[in-house]
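Participant: Sharing a structure, written as structure tokens. Questions coming.
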Amino acid sequence: MSTNDIEAHFASVKSAIQQAEATCHREEQVKLMAVSKTKPIEMIQKAYALGQRDFGENYVQESLEKIQALSDLKDICWHFIGSIQSNKTRDIATHFDWVHSVNRLKIAQRLNDQRPDSLPPLNICLELNISNESTKSGMPLKELPSVIQHIADMPRLTLRGLMVIPAPETDPDRQRIPFHQAANVMKQLNHEVSLDMDTLSMGTTADYQAAITEGATIIRVGTALFGPRDYSQQH
Ligand SMILES: *Cc1c(COP(=O)(O)O)cnc(C)c1O
């Protein structure tokens, strides 16, 4: 894919976001995270030149190399969205601005303990298993209140909201169901535990319009911006 393609892809995704926002009267409320996992640094630089600042990565080793290589770009915002192994939490706590995929209290505790004092508190989202499939990652709903109470005592973390990764679904109306549920869960938790979570991290290339309709504040888009990923090369 050429860098011209990237420019065209960003333009078309941004216009689709604006259209979705306008349809549900949520103008300028959605942040686009560009998911750059497996993609080369040159593509991130191109996106940055187009004004993109928020980037999502899944794999610690790969992301550290990119973050290091792009450390001159001071206003870039790095989001970790991959599955988290305990032995990688220090790298994540040190090099990222956001972590969306917190799915165990133990991981939150380690991120809190390892977040350097020289940096602002780490923004986190709790990954909610909305469809309750045992195969999917994320916390079951019933665990959330107690985990949230513990996180409230962790000074190096700021709990911003929830992330959901629903099972694939092609029908646009059905895509909305888990997003609607997630939005309700956040509303209810904010009310019951008097929190002010402000982030719903939901929607990818396949379903970001549905997510926007249901209140997404950050959408995580890879393929529509950077093209399909070739896993045979790296992972
Ligand atoms: C890879 C990934 C994305 C991006 O998915 P696309 O279908 O390429 O838009 C979003 N969220 C998470 C958690 C991912 O791992």
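Participant: Can you find, among A69, I148, Q29, the residue sitting farthest towards the positive end of the charge dipole of the chain, where Lys and Arg contribute +1 and Asp and Glu -1 at Cβ?
Facilitator: With unit charges placed on the Cβ atoms, the residue in question is I148.
Participant: Once the other residues with Cβ under 14 Å from the Cβ of I107 are scored (Lys, Arg +1; Asp, Glu -1), what is the net sum?
Facilitator: Result for the neighbourhood of I107: +3.
Participant: Using the Kyte-Doolittle scale, find the helices of the chain whose mean hydropathy is at least 0.0 and whose Cα atoms extend 24 Å or more along the helix's long axis, counting only whole DSSP H runs. Display every interim value, and only then the final one.
Facilitator: Values: long enough: 3-23 (30 Å, -0.29); 172-192 (30 Å, -1.25).
For the chain, where a helix must reach 24 Å along its axis and average at least 0.0, there are no hits.
Participant: Considering the dipole of the chain built from charges on the beta carbon (Lys and Arg +1, Asp and Glu -1) around the Cα centre, which of F10, T213, T38 is farthest to its positive end?
Facilitator: Farthest towards the positive end: T38.
Participant: Just the number: Rg to Rh for the chain, Cα atoms, Kirkwood Rh, two decimals.
Facilitator: With Rh from the inverse mean 1/r over Cα pairs, Rg/Rh is 0.95.
Participant: Tell me the carbon and sulfur percent of the accessible area for the range 93-199, rounded to whole percent, probe radius 1.4 Å.
Facilitator: 50 percent
The values are calculated or read from the model by the stated rules, or taken from the named source; none is laboratory data. Everything quoted here is computed from the prediction, not taken from an experiment. Please note: Cβ atoms are built from the backbone with ideal geometry, for glycine as well, and neighbour counts cover all protein chains shown. Calculation scope for accessible area: heavy atoms of the full protein, side chains included, ligands and nucleic acids excluded. Shrake-Rupley method; radii C 1.70, N 1.55, O 1.52, S 1.80 Å.
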